[in-house]
Amino acid sequence: MTEIATTAQDILTRLGVQPARYTDGTLESFSPVTGERIAALPEQKAAEVTQAIDRAAAAFREWRLVPAPRRGELVRLLGEELRAAKDDLGRLVSIEAGKSPSEGAGEVQEMIDICDFAVGLSRQLYGLTIATERPGHRMMETWHPLGVVGVISAFNFPVAVWSWNAALALVCGNPVVWKPSEKTPLTALACQAILERAAARFGDVPDGLSQVIIGGRETGEAMVDDPRVALVSATGSTRMGRQVGPKVAGRFGRAILELGGNNAGIVCPSADLDMALRAIAFGAMGTAGQRCTTMRRLFVHESVYDQLVPGLIKAYGSVSVGNPLTTQALVGPLVDGQAFQAMQDAIAAATAAGGKVHGGTRVTEAGPEAAFYVKPALIEMPEQTGPVLEETFAPILYVMRYGDFDEVIAQHNAVGAGLSSSIFTTDLRESEMFLSAAGSDCGIANVNIGTSGAEIGGAFGGEKETGGGRESGSDAWKAYMRRATNTINYSRQLPLAQGVVFDI
Ligand code: NAD
């Protein structure tokens, strides 16, 4: 067994995952760090998915009756167990998703943060008292557990996305069935083991409250098609969302869709250019361009273009690319050869459309043949066209000049996706315009910070082809509950609303 596979298996053993879950199966797991095979997992076929949902549906009948603050106690314990397992789980994220140690640990910190948030929430699932037009009546709304929550997640945030959903779903009274990305199944087994530790300390957790089903698209489809899954929370490409969304809608299920982004930054004449450069560098090159919120388009005002862009090109040329486990490199590997090919195809299309390419070549000395390390690409484009309009899940930043503010806002919004956006300016009018109804059309709009690196306190998600879903903070919890409006008559009369008379 290779060193990296041994390290992964040591971590899984420490966390209590049984070897039978990741040896002798048909789903092979590879580390992007070296391209080596690190495990082979048994897959769950449609019949086993149905059985998992059977167990989850039974768990729901019990868990919905547990008082919400008590449900919060399970999530508090999960947060404690995550704190204890932070180094191991963060390292496993680095091994399986290729993130730097700092980003791997950061992802686990995000899980801890959402647990803290959800614990507080467990005492704040508030409804309203509403004024009624009828005398001797009271009207209110109450929030009840919804049912089985199915989570489908992408490879690039292999653990945080589950925790955003699971922490909220559990305090809201729902069981969770999780279909992680087929590219990152080991981190999912690790999360389930960590949750089971919390459950053992909690005591009376119903069987099947949290489950992981391993497999590819068909496994996910079996979950999406099951009418007992009340909410499907699906994170991944817009292509996946186009398949999942209509199916869930067709059976009147509820969906949270967290899909692709084509996020842009605008650098205005008054911007602090040093700060903008650092924010753009992290936003566009961090996580090797494999965040849904990665900055992919940059509009620079013509008056500051020649001050900013040469510095950015220099930063692209000097950024360190290498093995995230053995070096301090800022940019790690692409997830696989397909991602590399997609990047090369986009670069070729941009060149054909008149783009001037800086970087984008393979860095062969960073890893073995089966691993895909690249220099991030900055491409100066004459206009927003061709590949600029689409998300390519790799580190490519398309840079364009602009002259007119209204025109650049129109350009900014003229793509299918609507996830994240940012403006760099010290001009109050520009900043407020960008955040206004006539400004950025994205779910996330920032000023003087990059497009990525959201905190858990805000609702996370985007508009248009990003799917419209919201997860994590603010009132995102409402998607995991069913709302009931209750009207109570404590009088001896029966007045009808709107003055309707029906005397019998
Ligand atoms: P992907 O779409 O290939 O796969 C995502 C998940 O969907 C996987 O678990 C996969 O097995 C499953 N899946 C695919 N087709 C399915 C179907 N028809 N039915 C049920 N399940 C199906 O995405 P990926 O390559 O793993 O991740 C990268 C993409 O995810 C990018 O587009 C990125 O922007 C997006 N993403 C979005 C967010 C967000 O919050 N908006 C967060 C992370 C990643």
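The values are calculated or read from the model by the stated rules, or taken from the named source; none is laboratory data. Computed from a predicted structure; not experimentally measured. Quick reminder, even Gly has a Cβ in these numbers, built from the backbone with ideal geometry, and neighbours come from all protein chains shown.
Among the residues of region 357-372, which ones are outside any loop (DSSP other than H, G, I, E, B) and either without any contact (Cβ under 8 Å) to a residue 40 or more places away in the chain or surrounded by fewer than 16 Cβ atoms within 10 Å (Cβ to Cβ) (or both)?
Residues satisfying the conditions are Val357, Arg362, Thr364, Glu365.
Is one or more of the residues making up region 425-434 closer than 20 Å to Glu465 by Cβ and surrounded by 23 or more Cβ atoms within 10 Å (Cβ to Cβ)?
No - not one qualifying residue is present in region 425-434.
Test of understanding: among Gly250, Gly220, which residue is of a type outside the set (Val, Ile, Thr), within 14 Å of the ligand (Cβ to nearest atom) and in contact with a Lys or Arg (Cβ under 7 Å, 6 or more places away or on another chain)?
Gly220
Return yes when Gly461 is in contact (Cβ under 8 Å) with a residue 12 or more places away in the chain, buried (at least 20 other Cβ atoms within 10 Å of the Cβ), more than 24 Å from Phe282 (Cβ to Cβ) and touching a Gly at 6+ places or on another chain (Cβ under 8 Å) and no when it is not.
The answer is no for Gly461.
Out of the residues in region 391-416 that are more than 29 Å from Lys314 (Cβ to Cβ) and small (Gly, Ala, Ser), which is farthest from the chain's Cα centre (by Cα)?
Within region 391-416, the match that is farthest from the chain's Cα centre (by Cα) is Ala410.
Identify the single condition in (1) outside any loop (DSSP other than H, G, I, E, B); (2) touching a residue at least 12 places away in the same chain (Cβ under 8 Å) that Ser181 does not satisfy, given that it satisfies every other one.
The failed condition is (1).
Just one of Ala255, Ala230 is within 16 Å of the ligand (Cβ to nearest atom) and either surrounded by fewer than 22 Cβ atoms within 10 Å (Cβ to Cβ) or outside any helix (DSSP H, G or I) (or both); which is it?
On the way: Ala230 fails: within 16 Å of the ligand (Cβ to nearest atom).
On inspection, the qualifying residue turns out to be Ala255.
Being surrounded by fewer than 21 Cβ atoms within 10 Å (Cβ to Cβ) and polar (S, T, N, Q) is the filter here, so list the residues in region 1-54 that pass it.
Listed by number, the residues that qualify are Thr2, Thr6, Thr7, Gln9, Thr13, Gln18, Thr23, Thr26, Thr50, Gln51.
Here's the yes/no breakdown for (1) in contact with a strand residue (DSSP E or B) (Cβ under 9 Å, 6 or more places away or on another chain); (2) in contact (Cβ under 8 Å) with a residue 60 or more places away in the chain:
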| residue | (1), (2) |
| --- | --- |
| Trp164 | yes, yes |
| Leu168 | yes, yes |
| Pro185 | yes, yes |
| Ala188 | yes, no |
| Gln211 | yes, yes |
| Ile214 | yes, yes |
| Val224 | yes, yes |
| Pro227 | no, no |
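In region 258-279, which residues are aliphatic (A, V, I, L, M) and within 16 Å of the ligand (Cβ to nearest atom)?
Leu259, Ala264
Show the residue pairs meeting these rules: Cβ distance below 8 Å; 6+ apart or different chains; first residue within region 127-152 and more than 30 Å from Ile214 (Cα to Cα); second residue of a type in the set (Gly, Ala, Ser) and part of a strand (DSSP E or B).
Hits for this filter: Glu141/Ala484; Thr142/Ala484; Trp143/Ala484.
Which is touching a residue at least 24 places away in the same chain (Cβ under 8 Å) and either outside any helix (DSSP H, G or I) or not assigned by the TED database to the domain that holds Thr238 (or both), of Ala348, Ala329? Please lay out each step first, then the result.
On the way: Ala348 fails: touching a residue at least 24 places away in the same chain (Cβ under 8 Å).
Among Ala348, Ala329, only Ala329 is touching a residue at least 24 places away in the same chain (Cβ under 8 Å) and either outside any helix (DSSP H, G or I) or not assigned by the TED database to the domain that holds Thr238 (or both).
With within 10 Å of the ligand (Cβ to nearest atom), touching a strand residue (DSSP E or B) at 6+ places or on another chain (Cβ under 9 Å) and within 20 Å of Glu455 (Cα to Cα) as the only criterion, which of Ser153, Ser181 stands out? Spell out how you get there, then give the answer.
Working: Ser181 fails: within 20 Å of Glu455 (Cα to Cα).
On inspection, the qualifying residue turns out to be Ser153.
Just to be sure I understand the filter: pairs with C-beta atoms under 6 Å, separated by 6 or more residues or on different chains, first member in region 485-500 and assigned to a loop (DSSP other than H, G, I, E, B), second member surrounded by 10 or more Cβ atoms within 10 Å (Cβ to Cβ). Which pairs pass?
Tyr490/Gly136; Ser491/Gly136; Pro495/Arg134
Please find, among Pro101, Pro67, Pro135, the residue that is out of contact with any strand residue (DSSP E or B) (no Cβ under 9 Å at 6 or more places or on another chain), in the same structural domain as Val229 (by the TED database) and at pLDDT below 95.
Answer to the check: Pro101.
Just checking, how many residues over region 471-484 are part of a strand (DSSP E or B) and exposed (fewer than 14 other Cβ atoms within 10 Å of the Cβ)?
2
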